[in-house]
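Trainee: There's a structure below that I have some questions on.
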Amino acid sequence: MSKKFKNKTCAYCSTPNSATTGDHVFAREFFDEKHRHNLPKIPPCENCNNEKSKLEHYLTTVLPFGSQTKNAEINLRYNVSKRLKRNNKLDRSLASSMEYRWVEKDGILARQMTLPFDGKKYHDLFALIARGLVVHHWNLHLPLDYDFMAITTAKGGEEFFERNLSLNATKLTSVSLGDGMFQYKGMQSFDDPNKSTWKFIIAGGTQVLGDNGLLSSVVYAISEKKSFIEDIRSHIR
Ligand SMILES: [Zn+2]
């Protein structure tokens, strides 16, 4: 057990003295083996660590990360866009909840699209990742009336987040991990240190379908007052 993190405040739920171990903000399984060193680590309590592990397990199973990335990208661009063209009646709600699986056919891995992909789990994980990064980079635990949410935007929706990222910031963080596997930028608001905006760019195959059927490997996350986040949620549902 890592003493460095024991009894620290949980990075995910902000409960004091609750951490039992260290957690990789980005699960090691998301990276090629040669890129698994020196990844950001933070203290989680046991409960948060377990909940996050479940999300990571789900996503490392259904999404192609690490060594599969390069093939995944080629496969995805080719096969999925072709399928979408053929099936223009594809329901928008289904489009945003697709699942991809790897199937082996004649010794070659190929992607297969099935339903449903749980987009909520994808967003929930990135909300936790952003929360962990705020602790890791800025040593900041959000007050309980603040929350994180993550979103993959439809075409045009990214303007809100990009505008946030270009505003006056108290802190700016920009990192590339695992030879570009994950790139992220974080901006701490000048007006309120608990408000932040994050942008994640995931290399290659980790792409999910946005509302308009376009593929996106960009995820945005924000920390805001809970009431504000509830308001956004009520607008996108
Ligand atoms: Zn916790």
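Trainee: State the number of residues belonging to segment 8-28 that are more than 15 Å from L55 (Cβ to Cβ) and more than 12 Å from the ligand (Cβ to nearest atom).
Mentor: 1
Trainee: Yes or no: K185 in a strand (DSSP E or B) and modelled with pLDDT of 95 or more?
Mentor: Against the criterion (in a strand (DSSP E or B) and modelled with pLDDT of 95 or more), K185 qualifies.
Trainee: Of all residues in segment 218-233, which are within 17 Å of K199 (Cβ to Cβ), among the hydroxyl-bearing types (S, T, Y) and open to solvent by 10 Å² or more (accessible area, probe 1.4 Å)?
Mentor: Of segment 218-233, the ones within 17 Å of K199 (Cβ to Cβ) are 218-224, 232.
Narrowing further to those that are among the hydroxyl-bearing types (S, T, Y): 220, 223.
Correct list: empty.
Trainee: Could you check segment 37-50 and list, in sequence order, the residues that are within 10 Å of the ligand (Cβ to nearest atom) and loosely packed, with under 15 Cβ neighbours inside 10 Å? Spell out the reasoning first.
Mentor: Start the filter on segment 37-50 by keeping residues that are within 10 Å of the ligand (Cβ to nearest atom), which leaves 43-50.
Across segment 37-50, the qualifying residues are E46, N47, N50.
Trainee: Considering only segment 6-36, how many residues are more than 17 Å from the chain's Cα centre (by Cα) and open to solvent by less than 10 Å² (accessible area, probe 1.4 Å)?
Mentor: Let us first name the residues in segment 6-36 that are more than 17 Å from the chain's Cα centre (by Cα), namely 6-10, 13-22, 32-36.
Retained after the next criterion (residues that are open to solvent by less than 10 Å² (accessible area, probe 1.4 Å)): 10, 19.
Adding up the residues that qualify gives 2.
Trainee: Which is under 22 Å from C45 (Cβ atoms) and part of a helix (DSSP H, G or I), of L140, L125?
Mentor: Unique residue meeting the criteria: L125.
Trainee: Check every one of the helices (runs of 4 or more DSSP H) wholly within segment 1-116 and list those with 1 or more residues that are farther than 17 Å from I202 by Cα and at pLDDT 65 or above.
Mentor: Working: elements: 46-62, 69-86, 92-95.
Those helices (runs of 4 or more DSSP H) span 46-62.
The values are calculated or read from the model by the stated rules, or taken from the named source; none is laboratory data. Quick caveat: nothing in here was measured; it's all calculated off a predicted structure. Using ideal geometry, Cβ is built from the backbone for each residue, glycine included, and neighbour counts are taken over all protein chains shown. Just so you know, the surface numbers come from the protein's heavy atoms only, side chains and all, with ligands and any DNA or RNA stripped out. Shrake-Rupley method; radii C 1.70, N 1.55, O 1.52, S 1.80 Å.
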